[in-house]
Structures are given as C-alpha cells and as structure tokens.
1. With everything on Cα atoms, drop me the angle between helix A:246-255 and the longest principal axis of chain A, reported from 0 to 90° to the nearest 10.
2. Shielding by partners for B:94-104, please: the mean number of other protein chain Cβ atoms within 10 Å of each residue's Cβ.
3. Please state the shape class of the stretch A:70-123: rounded when a/c is under 1.5, otherwise prolate if a/b exceeds b/c and oblate if not, all from the C-alpha gyration tensor.
4. For A:Glu300, project a label point 7 Å along Cα to C-beta. Then give me every residue of the stretch A:165-185 with its amide nitrogen under 20 Å of that point.
5. Pick from A:Val74, A:Val94, A:Val291 the residue whose mean-square fluctuation is largest in a GNM of chain A, springs joining Cα atoms under 10 Å.
6. Taking each residue of A:87-94 in turn, how many C-beta atoms of other protein chains fall within 10 Å of its C-beta, and what is the average?
7. Put a dot 7 Å past each Cα toward the Cβ at A:Arg175 and A:Glu239; how far apart are the dots in nm?
8. What does the C-alpha gyration tensor say about the overall shape of the stretch A:117-199? Classify as rounded when a/c is under 1.5, otherwise prolate if a/b is larger than b/c, or oblate.
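Values in this text are rule-based calculations from the coordinates and carry no lab data. Everything quoted here is computed from the prediction, not taken from an experiment. No Cβ is skipped: glycine too gets one built from the backbone with ideal geometry, and neighbour counts run over all protein chains shown.
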Amino acid sequence: MTDTPTDAAIDVDTLEKTYAGDVHAVRGISFQVPAGEVFGLLGPNGAGKSTTVGMLTTTIRPTGGSARLAGFDVATQSLAARAVSSVVFQEAVVDRALSGRRHLDLHARLWRVAPREASDRIDDLVEVLHLADLIDRPVATYSGGERRRLEIARALVSRPRVLFLDEPTVGLDPRIRAELLDVIATLRDGAATTILLTTHYLEEAERLCDRLAVMHRGEVVAIGAPQQLRAELGDEVVELRARDDGAAMLALLQDRGLAGPGAFTVGATVTIPLRGRSAAEVIAGIEATRVRTVSVTSRETTLDDVYLHLTGGELADAA
Amino acid sequence: MTATTPDLALVPSLPRSRRLGPVLTLAQRRFQLSARTPRELVVPLLTPILFALVIAPALKSALHTSAEYEAFVATGTIGLLIPLNTMFAGIGVLVDRESGAQRELLTAPISRALLVVGNLIVAFAITGLQVAVLLVVARARGIHFHVTGSGFLWFLAAASLFTIAMYGAAETLAASVPSAEEYIGRVPAIAIVPWCSWRARCSRSPPFRVSSRGSRASCP
C-alpha cells in the first residue's frame, strides 16, 4: 500500500454500498478524477450521489470495491484520506451557538493547520467570501446563503487537495444560488483543488464541471464532458407533444424514418435527436404525417435530454 | 466578487500546530456549547447544594434519625450525581447529530474515539466540580470527613471509574436512540440502578469515615 500520491486525485474502483434488506444504494461504480478537475455527479435524489460522497469522505463504510483520495485508501488509510479532503454537506452542519470565526478556527485546529497560517487563511477567506459582517456573530443568526458561504470557507481553511460539495445550492433561492455559483466558479478558477460536486441542477453541472458522471439507481450510466455528452444526441432536438399516446406516436415516426433509435418519449412528449439533420426537414416530415400534436418545437440539446435518453427518467422530477 | 483569488492557490504543507491537540480542541468546543453563560455553570451546582443543605437535613428530621443519616445522604448523593450528570451529558451527542455538527467532526482527520474522549473530559470536569461542591457544602454543614490516604485514593478511583463507565453508557445510549425525547425518557431508569449499587457499596465498606459535629460515625 503506497503512501505517495498518485496522479488521480480521486480514484474509485467498483465501489459499492448495499444496506440491510438488500438495498443497493451504489452498484460498483468506477471513475478517476485528475488533480485540479471539477467533476460532477449528476442525478436525481436517490441516485446514489450522496452515498458515494459519504463513502469517499469515510462517513459511510463501503461494502465493496475501493476508493482513494490523493492516493490514500478511504478504508485502510482513512485518517490520511480525511486529512487531504474537506466536505460541504447538503444539510446544515454547524453549531448554531458558535460564531462563524469559531467554526473556522475549530476546523483549522482539527485539521492541524499552523496557528499563524490559520489566522491568515481565515482572514483571506472572510474577505473573499464576503463574511466580514457576519463572522463574529452566532451562526444561528445567518441566512441559508450566508451559512452555506461559511461552510465553504470552513472547508477551504485546511487547503484541501480534494473538496466535496454535496448539493451545495439545494434549498436556496435563485439569487443566493447564483451568488454561490459565482463563489464556486471562483474556486475552480483560482485554486488547484480538485472538486467533486454533486447536483441535480443542470445549469450547475454545465457551468462548473469539466466532466461529469450521470448516475441512475446507484450506477454510472455515462461519463464525459457536458458538451461531449450532449454531442452524443446532437446539438439540436425536435420536441413534440402528442394529443394521444406518445409511445404510439414515436413508433409511427420511427416507422416513417423521421425518428431514429435514439428518440425517446416521456408521457406525451416525444424527443427526437437530430444528429446533424435539419430541424425544418424533420418538422415538415412530421406535419406531413398529419399526426395529432399539441406542439412541435426545436431547441438545443440539454443534459436533461441526455439523462432521459440514458435512463428514461427526468432529473427535475425528484428535485 | 473577485474573479481571481491567488491566495487560495495550493501551497506546500506547512508545519502543523501541536499547541492545542485535537482532544483539547474537542473538549473546548463541548465546553463552549455546554457552558456559554455563567448560568449554565452555576445551575448544575445547585443540585448538590440542595441535597446537602436541604434534603439531607429534611430527611433526617422526617425520619427522626441520627446525625449519621446526613453523612449517609451526602455520600449517597455522589452516587446519584455521577450517573445523572453523565447521562444527561450524553444529550450533547444527540444535539450534535441532529444539528449536523457530528458529520463535520466525523470527517476530521482524527480518531473517532477522540470525539468521545473530548466529550468525556467536559462531563468528567463538570461532574467533578459538582462532587467537590457537595463535599465542601457538606463539610460546611458540619459533616466531618476523616479522610485516610487509602480511603481518599479509593474514593477518587471509584468515582473516576464510575464517571467514565456512566459516560460510556451515555454515549452508547445516545448512539442507539433516534431522538432526545426517547433518550431523556430512559435516563432515570438507567441512572437509578448504579446509584443503588453505590449506596449499597458505601454501606458495606465506607471509603472514609464521616461524622457530624460532636460524634463520629461510619457511613451506614
């Protein structure tokens, strides 16, 4: 077992977690994240994202496979793995009675940051994350967005090699979400920290992630850069809403050669990846069949289309 | 917001602080959460004072017993203070879990056992303070403790081990119940059993001889 760092900041090999009652939360997933990359785990609630993060942060014991953070095995070298990482959890993880500064100081001490460096680091983070007006107040007085900024600051005090952000913007209002995304984007631009971000928000994944893994029911169904994943369906899709049965309409369109094998239906909505074909041509063909539709439109391919194509489910459904 | 943050760039690891180890850091945190105001320190001390100044004399009068009974109550109260105080200290574990703070601590690069030790230090200190206050007030009330060297050491060892064992029970119970309400409901039943054992032990072989003014008596 080596103690020297490998090239991959995160190395996951057939990692799995099965709970009592034969509940397979994570089913043998594998991926590697090079140092400095922002890697996303995209999927709805229940896909296994938080369980994966729990195993990588050693708060959940894997039932199979292995994982390493900066070369340290999370099961057999858990202390070393925790020393090189930090987590911002989905739920609030704070002592409400303590001040923000006390939280940062506690984190620095537990991660054994030298006092002088901790003091300078805390001052830097307070400035960068706009916490100066809050930092000496009890956390109980913070808003949701302020508390989340404090948690990000706390996670960065120890200069982690690997930073986990577990659904960092869930439950926040749109303005606060936008501000927080700016903060996280700043992290990826300025630091060499590897970031693993879990989310079910498409715009977060597209904006922040260099690569992402799409998870569904405990499995990784696709890995790649957002543009690469979208490119598998083409740049554009035609979306139509049927008056009657969407599946029957899809079968008809496939029979007429207007929809390829990558087309899919969700309820009454049929989505047809164009894959280089002209939207006008396909729409004209659909109208010529005189099928009964509520609407027919063309638009850019989104990660939701990718997810639906891969899994048949919608990311926003469980949001 | 600033677009670039050069200060956040990764730097080589610097020498780590040894000045305040993780155990003391955890204990300091627990103390800050347990005693944020002077009231939170003073109020727990009222219990032993109440026993020594009010309850013991009242029982003696009500039961028409001799002065030795106050001594019996004084030493018996220690056996009640320790399990009650340590068991209620376990509520802090539940609060940590419900607030989410426990998850942050579990991701720290420290042995998980230190989380328990940090809490134990504070529970031990507060319990020790209560016992000390009880003995001081009992002494002021007129109960004389004729302490022998071996007796004092026996008492210290017994009380320390009792405190550690009861706090272990508290942590175990806190880890196994889902809510603070259920935990509180179980505490009296769990605390009473060792108290009875303490009193029985005290009555068979007193750790030190006690007397009130004008008479010497053993702890019955």
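1. Computed tilt is about 60 degrees.
2. That average works out to 5.
3. oblate
4. Flagged as within label range: A:178-179, A:181-182, A:185.
5. A:Val291
6. 4
7. With each label placed 7 Å out from Cα toward Cβ, I get 2.8 nm.
8. oblate
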